[in-house]
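Below: one structure, written as structure tokens.
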């Protein structure tokens, strides 16, 4: 286990993809495996949509839509305009280029191909050297118990814009889901350098991965260091409903809460420098750094910090 070994990253969508890109740029590309949350996946307009996997595809290939923060670069919206004119469901916006990804994935799934094989082919066609895996080829769906009743994730997240109050979460299908064999093999690799938990929402991006049987146990017993990067800076989430959900679930909205949430498998934690006091009482090693990723250089610097933290804790 050295500083040249393989690295495994656990990621959700936009926030996680930023650090995943940093890791991809500083590591030999073929040493990085990224496992993506698929609890956000859903069927819409007859299409199978995998938002977090697609965000990683577009981000790692340099084709993400920086202006919108999601979707493909240079996107056009002819399909959506035509759909709206017909009175169709337009609350979940699909650009023309993005639509092609969903149509081809849906066709191949219907033909019996597993999601992992489809994504592996897609990432090759996007010239991505890192491995990109769904957490499982089995269907897992995030659902939220809210003051508006039980909601499917995309209804809560996109259609209702995260407005309902969240009481608890469930991951339908997780009990029967099987880890992807390459996920298992990477975790068990004695040469594995580090497991990096990207700064994604702990509840809706990382928890679905952890809900698949065997993941938490494998992380607890991993010979590699497990390092997590805080998604909270100064008591606020950089993007998305993380802080809102923490408050609604009765957790203090600070960087330390996330570390405690992962504590059963975490070896070292990277928090922002502004959270020095908030994380001072944690019973695990903490590295302070600038964790706001605005530029490409920020992403690379934070990736180096996370890996250096993992390397030190195992020396």
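The values are calculated or read from the model by the stated rules, or taken from the named source; none is laboratory data. Here the structure is a predicted model, which is why all the values come from computation and not from measurement. Please note: Cβ atoms are built from the backbone with ideal geometry, for glycine as well, and neighbour counts cover all protein chains shown.
Taking residue 239 as meeting all but one of (1) within 15 Å of residue 199 (Cβ to Cβ); (2) surrounded by fewer than 16 Cβ atoms within 10 Å (Cβ to Cβ); (3) free of Cβ contacts under 8 Å to residues at least 12 places away in the same chain, write down the number of the exception. That leaves (3) as the condition not met. Output yes when any residue across the stretch 4-16 is surrounded by fewer than 23 Cβ atoms within 10 Å (Cβ to Cβ), within 12 Å of the chain's Cα centre (by Cα), touching a residue at least 40 places away in the same chain (Cβ under 8 Å) and under 19 Å from residue 306 (Cα atoms), and no when none is. Within the stretch 4-16, one or more residues are surrounded by fewer than 23 Cβ atoms within 10 Å (Cβ to Cβ), within 12 Å of the chain's Cα centre (by Cα), touching a residue at least 40 places away in the same chain (Cβ under 8 Å) and under 19 Å from residue 306 (Cα atoms). When the residues of the stretch 232-246 are narrowed to those that are within 14 Å of residue 156 (Cβ to Cβ) and not in a helix (DSSP H, G or I), which ends up farthest from the chain's Cα centre (by Cα)? The extreme case among them is 241. Give the stretch 22-54 a look and list any residue that's farther than 16 Å from residue 303 by Cβ, touching a strand residue (DSSP E or B) at 6+ places or on another chain (Cβ under 7 Å) and part of a helix (DSSP H, G or I), or say none. Answer for the stretch 22-54, where residues must be farther than 16 Å from residue 303 by Cβ, touching a strand residue (DSSP E or B) at 6+ places or on another chain (Cβ under 7 Å) and part of a helix (DSSP H, G or I): 52, 53.
Residue-wise test of (1) closer than 15 Å to residue 200 by Cα; (2) surrounded by fewer than 18 Cβ atoms within 10 Å (Cβ to Cβ); (3) touching a helix residue (DSSP H, G or I) at 6+ places or on another chain (Cβ under 9 Å).
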site	(1), (2), (3)
275	no, no, yes
278	no, no, yes
285	no, yes, yes
307	no, no, yes
314	no, yes, no
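Of everything in the stretch 57-95, what is closer than 22 Å to residue 35 by Cα and either more than 23 Å from the chain's Cα centre (by Cα) or in a helix (DSSP H, G or I) (or both)? Give them in sequence order. Working first, answer last.
Within the stretch 57-95, the subset closer than 22 Å to residue 35 by Cα is 57-65, 69-72.
Residues satisfying the conditions are 57, 58, 59, 60.
Here are some residues: 276, 312. Which one is modelled with pLDDT under 95 and either more than 19 Å from the chain's Cα centre (by Cα) or more than 30 Å from residue 143 (Cβ to Cβ) (or both)? Walk me through it before giving the result.
On the way: 276 fails: modelled with pLDDT under 95.
Answer to the selection: 312.
Going by what's in this entry, would residue 54 be described as surrounded by 17 or more Cβ atoms within 10 Å (Cβ to Cβ) and touching a residue at least 24 places away in the same chain (Cβ under 8 Å)?
Values: surrounded by 17 or more Cβ atoms within 10 Å (Cβ to Cβ): yes; touching a residue at least 24 places away in the same chain (Cβ under 8 Å): yes.
Answer is yes for this residue.
Scoring residue 78 on the criteria (1) farther than 18 Å from residue 240 by Cβ; (2) surrounded by 13 or more Cβ atoms within 10 Å (Cβ to Cβ); (3) touching a helix residue (DSSP H, G or I) at 6+ places or on another chain (Cβ under 9 Å) leaves a single failure, condition (2). For residue 105, the conditions (1) modelled with pLDDT of 95 or more; (2) within 25 Å of residue 198 (Cα to Cα); (3) surrounded by 17 or more Cβ atoms within 10 Å (Cβ to Cβ) are fulfilled apart from (2). Please specify each residue of the stretch 291-315 satisfying the condition of being touching a strand residue (DSSP E or B) at 6+ places or on another chain (Cβ under 6 Å) and without any contact (Cβ under 8 Å) to a residue 12 or more places away in the chain. Those that are touching a strand residue (DSSP E or B) at 6+ places or on another chain (Cβ under 6 Å) and without any contact (Cβ under 8 Å) to a residue 12 or more places away in the chain: none in the stretch 291-315. Of all the criteria given as (1) buried (at least 18 other Cβ atoms within 10 Å of the Cβ); (2) modelled with pLDDT of 95 or more; (3) within 18 Å of the chain's Cα centre (by Cα), the one not satisfied by residue 170 is (1). In the stretch 1-21, the residue that is modelled with the lowest pLDDT out of those that are closer than 15 Å to residue 55 by Cβ and assigned to a loop (DSSP other than H, G, I, E, B) is 13.
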